[in-house]
Every structure is written in C-alpha cells, then in structure tokens.
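Novice: The following block contains the structure, expressed as structure tokens.
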Amino acid sequence: MSDLDSKKVLMVVAQEGFRDEEFFEPREIFEDAGLSITIASKTTNEATGALGRNVKPDISIDNVIIADYDAIVISGGPGSRKLLWPDKRLQKLVADAFEQEKVVAAICVSPVVLARAGVLEDKKATVFKDPESIRELEKGGATYEDMDVIVTDNIVTGRDPACAEKFGEAVVETLKKW
C-alpha cells in the first residue's frame, strides 16, 4: 500500500466539450498510482468530450465538499471556457482547496478558473497559448510562462493536450510531497 492509496482526487470536467485526453490520461495515471477518484461536473448526467468520449460524473459541483478531497484537478477543452470559467461555485471550491492546502491543478484553458478564484496571485503558471487565456491568467495576478507544466507549491498548471500525461504525473508527484 503506497502513501497515495488513501488520497482522494476530485476531477472536474465541463458537461460538454471537455478535452478527452486532458481527462482520461491523468485519470489513468491517478488510478495507476492508487488514488481514489471522484468525477464532478455541473450535473451527474453523462458529460461529453470534445473528441466524442463520454464520462459519467459521480457528483455535481454544487454538492462537492472540498474537505473530503486531497486535490482538485480541472480538465480543459472548449467547454471549460464556456461552462467552467464563469462557475462561481467552482471558483469557491478552488479557493477553499487552496486555503486548506490541498493540491489545486488545471490544464489547457482551465488555469483561468484558478486565476479567477484568486489562487495564482504572484505565482508562475501556464495555460493554453491563446491571447484571452493568457490575459485572464495575468489579470488574476499570475506570471504566464509558456511551458508544458508548472508546479508552484501546491498548484499544478498544464498547457495543452500534448502535456496531459506530464500534467497527470506532476499532480501525483505533488500529492506525494504535499
């Protein structure tokens, strides 16, 4: 039994248009590491990925008690910009997770949720390389860097789908230390 066997990860996906590999690749890494995974979205109806894969959320974002988890990991994709960026409840979960010193992670355009939650102030972070996402990150006080994955204390940010595996591994390594 590893020290990760008792750790619980909340994985958040947009109800529609999450980026498939940014969810499925990290989830596989988390499962291989022995982490317990709960999937959250706006509802518990089946969520559809941008590339056509589906996942059934276990819990709605509104019903999450962040104290029950060791990490919150937000997948990216076009649905994140539309459905997760403006979600005030998700922003509060992120802020509370950060305050409770849990691992807070997001990939692709989803680090914007972290920025809007106020947890990237004076921190280096990466995000999908488009002007709006970079602007949102900087508006939240982050220093943008064009890198695959950036780990700053308990925060992990990943740039794009090509980094999904590296992102998942960085979350696991951060959980081991945190």
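Novice: Between rounded, prolate and oblate, where does region 1-95 land on the alpha carbon gyration tensor, with a ≥ b ≥ c its root eigenvalues, rounded for a/c under 1.5, else prolate if a/b exceeds b/c?
Specialist: On the way: a/c = 2.00, a/b = 1.28, b/c = 1.56.
Note, shape of region 1-95 comes out oblate.
Novice: Calculated FRET efficiency, D32 and E99, Cβ-Cβ r, R0 41 Å, to nearest 0.05? Show your work: numbers first, answer last.
Specialist: Working: r = 30 Å, r/R0 = 0.72.
For R0 = 41 Å, the calculated efficiency reads 0.90.
Novice: With a 1.4 Å probe and every protein chain left in place, work out the accessible area per residue of the chain in Å², rounded to a whole number.
Specialist: Details: 7810 Å² over 178 residues.
Spelled out: the 1.4 Å probe surface of the chain, per residue, equals 44 Å².
Novice: Assuming R0 = 22 Å, what is the FRET efficiency of E16 and K139, from their Cβ-Cβ distance, to the nearest 0.05?
Specialist: On the way: r = 25 Å, r/R0 = 1.16.
Once rounded, the FRET efficiency stands at 0.30.
Novice: While we're looking at this one, here's another question. Assigning unit charges at the beta carbon (Lys, Arg +1; Asp, Glu -1) and nothing else, what dipole magnitude in debye, to the nearest 20, does the chain show about its Cα centre? Spell out each step's value before the answer.
Specialist: Details: 23 positive and 33 negative charges, 108 e Å.
That gives the chain a dipole magnitude of about 520 debye.
Novice: List the lysines whose Cα lies under 16 Å from the Cα of K8, skipping any in the same chain that are fewer than 8 positions away.
Specialist: K102, K176, K177
Novice: Under the classification rounded if a/c is under 1.5, otherwise prolate if a/b is larger than b/c and oblate if not, where does region 40-137 fall, given a ≥ b ≥ c as square roots of the Cα gyration tensor eigenvalues? Before the final figure, lay out each step's value.
Specialist: Numbers: a/c = 1.98, a/b = 1.10, b/c = 1.80.
Oblate is the answer for region 40-137, as a/c is 1.5 or above yet b/c matches or exceeds a/b.
Novice: While we're here: Apply the a/c threshold of 1.5 to the C-alpha gyration tensor of the chain and tell me whether it is rounded, prolate or oblate. Show your work: numbers first, answer last.
Specialist: Working: a/c = 1.29, a/b = 1.10, b/c = 1.17.
Since a/c stays below 1.5, the shape of the chain is classed as rounded.
Novice: For region 1-98, which whole percent of the accessible surface, found with a 1.4 angstrom probe, sits on carbon and sulfur atoms?
Specialist: Reported share for carbon and sulfur atoms: 47 percent.
The values are calculated or read from the model by the stated rules, or taken from the named source; none is laboratory data. Model, not experiment: these values are computed from the prediction. All Cβ positions, glycine included, derive from the backbone under ideal geometry; neighbour counts span all protein chains shown. Heavy atoms of the whole protein, side chains included, go into the accessibility calculation; ligands, DNA and RNA do not. Shrake-Rupley method; radii C 1.70, N 1.55, O 1.52, S 1.80 Å.
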